[in-house]
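**Q** Quick one: the structure is below, and I'll ask about it shortly.
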Amino acid sequence: MKPTRTLCVLAAIALPLSAGGCWREDTTADLPPHVEPTTVAAPRQEPSVTPPAEPVATDQSESPEDIRVTSEIRSAVIDDSSLSAGAKNCVIVTRGGVVTLRGDVTSAEATTIARHAQAVSGVERVDNQLMVTDRAAAQ
C-alpha cells in the first residue's frame, strides 16, 4: 500500500472514534493503589420555570364539581348574544369553588360575565380579573 493511502485509511478509522466520543482515556491508571477514584456530581439545579401568578385555562381543577361550575358559566356566557366573540372567549377557571375570570372585555361585558359566574350554584367567590380595554370596546 502506498503511504498516502495508508494514512487516509488510518484517518478514516481514527476520526469517527475521536469525534463520536467513543474513545475514553482511562484516567484512573495514574492513581496510586491506595487512592480510590471518585466521581464528582454536578450540582443539582432547580428548574427556573415559575408558575404564572394568575390562573390560566390549564389550571382548571379536575374535580367534578369545579368542572360543572366552569361548564355552566361557559354555557351562560356563550348563550348571551350581548357579548362579543372576544368576551365569549374569556378564560374561566374554577378551583375549589373559586372562579377566576380573565380576558379583555368592555365594561358592560365584564359586569355581565361576572353576573353569569355569580349566578351558578357552587361558586364560593368570583375573582374578576377581566381587563376593561379600549381595544375590546372597538371589537
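**Q** Give me a comma-separated list of calculated 3J(HN,Hα) values for the stretch 105-118, in order, Karplus coefficients 6.51, -1.76, 1.60 applied at θ = phi - 60°, integers in Hz, x for any Gly or Pro.
**A** Whole-Hz 3J(HN,Hα) from phi for the stretch 105-118: 9, 7, 4, 5, 5, 4, 5, 5, 5, 5, 5, 4, 5, 5.
**Q** If packing is taken as the average number of other Cβ atoms within 10 Å across a peptide's residues, how do 117-130, 91-104 rank, most packed first?
**A** Final packing ranking: 91-104, 117-130.
**Q** Next question. With just the Cα atoms of the stretch 57-138, tell me how far they stretch along each of the three principal axes, in Å, largest first.
**A** So the three principal-axis extents are 37, 21, 18 Å.
**Q** So what is the relative contact order for the stretch 53-114, in percent, with contacts set as C-alpha pairs under 8 Å and at least six apart?
**A** 34
**Q** Please give me the summed charge of the neighbours of Ser61: other residues whose Cβ is under 15 Å from its Cβ, Lys and Arg +1, Asp and Glu -1.
**A** Local net charge: -3.
**Q** I would also like to ask the following. Tell me which residues come under 5 Å, amide H to amide H, from Asp127 once H is placed; ignore anything under 5 positions away on its chain.
**A** Here the answer is Val99, Thr100, Leu101, since their amide H atoms fall under 5 Å of that of Asp127.
Each reported figure results from applying straightforward, stated rules to the coordinates on display, with no laboratory input. These figures come from a predicted structure and were not determined experimentally. Don't worry about glycine lacking a Cβ; one is built from the backbone with ideal geometry, like all the others, and counts go over all protein chains shown.
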